[in-house]
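**Q** Would you mind keeping the following structure in view while I ask a few things?
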Amino acid sequence: MTTTVAPPPGNATMSCPTRSVHDVVPADLWSKQIGLLQRDYPYDSIMATRVLGQAYAYLITAMTHRGECLGLAPSKLVDIGVHTVILDTVAYAELCARHNGGRFLHHVPKVAFKNDGSVMRTAHLIAADGWEVDLPLWTDAADCGPCHPGNDSH
């Protein structure tokens with residue numbers, strides 16, 4: 001089930017999703033990465049689709065907000081999809097070329113998880129950027145977000 005997250009306090013409205021990862025990811029690459037998720041995790045096609053869709057929405061949002069030092073962070077489940085995308089390095093380099101001004105968006109994980117609200121702030125930003133947010137995939141946010149804060153990595 002996908003939903004749009006409620007707006008952060010102080011925002012009266014948030015637009016409905018208008019962007020689709022299927023407009024960004026070629027069908028053959030999508031199928032391949034769904035297969036990789038199913039190979040490596042105990043996911044059926046529905047769960048793999050949910051995780052991969054959120055991973056792409058997260059990565060493109062991070063690229064869109066490059067240089068803003070927002071400290072974006074995925075949930076643990078979304079991060080699984082992120083790893084699937086970035087480990088397919090040729091396709092990931094092409095994604096960075098198209099959506100990140102030709103710059104590679106690096107992955108700089110930290111060992112310790114943080115509990116600073118960055119995961120849910122990230123989900124809100126993804127929704128504000130017009131992507132659908134699958135909220136149940138972001139609810140493990142209380143002990144999440146091990147990525148390097150405040151720079152242009154994820």
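The values are calculated or read from the model by the stated rules, or taken from the named source; none is laboratory data. Owing to the predicted nature of the structure, the values given are computational and were not obtained by experimental measurement. Cβ placement follows ideal geometry from the backbone for every residue including glycine, while neighbour counts extend to all protein chains displayed. What goes into the accessible areas is simple: the full protein's heavy atoms, side chains included, and nothing from ligands, DNA or RNA. Shrake-Rupley method; radii C 1.70, N 1.55, O 1.52, S 1.80 Å.
**Q** Is there a residue being at pLDDT below 90, under 19 Å from MET120 (Cα atoms) and either part of a helix (DSSP H, G or I) or of a type outside the set (Val, Ile, Thr) (or both) anywhere in the stretch 40-53?
**A** Within the stretch 40-53, none of the residues are at pLDDT below 90, under 19 Å from MET120 (Cα atoms) and either part of a helix (DSSP H, G or I) or of a type outside the set (Val, Ile, Thr) (or both).
**Q** Moving on. Which condition does GLU94 not pass, out of (1) open to solvent by less than 60 Å² (accessible area, probe 1.4 Å); (2) farther than 25 Å from ILE46 by Cβ; (3) of a type outside the set (A, V, I, L, M, F, W, C), if it passes all the others?
**A** (1)
**Q** Have a look at ALA55, ALA48 and point out the one that is small (Gly, Ala, Ser), open to solvent by less than 40 Å² (accessible area, probe 1.4 Å) and within 11 Å of the chain's Cα centre (by Cα).
**A** Going through ALA55, ALA48 in turn, just one is small (Gly, Ala, Ser), open to solvent by less than 40 Å² (accessible area, probe 1.4 Å) and within 11 Å of the chain's Cα centre (by Cα): ALA55.
**Q** Answer yes or no as to whether ILE60 is within 17 Å of GLU132 (Cα to Cα) and surrounded by fewer than 15 Cβ atoms within 10 Å (Cβ to Cβ).
**A** no
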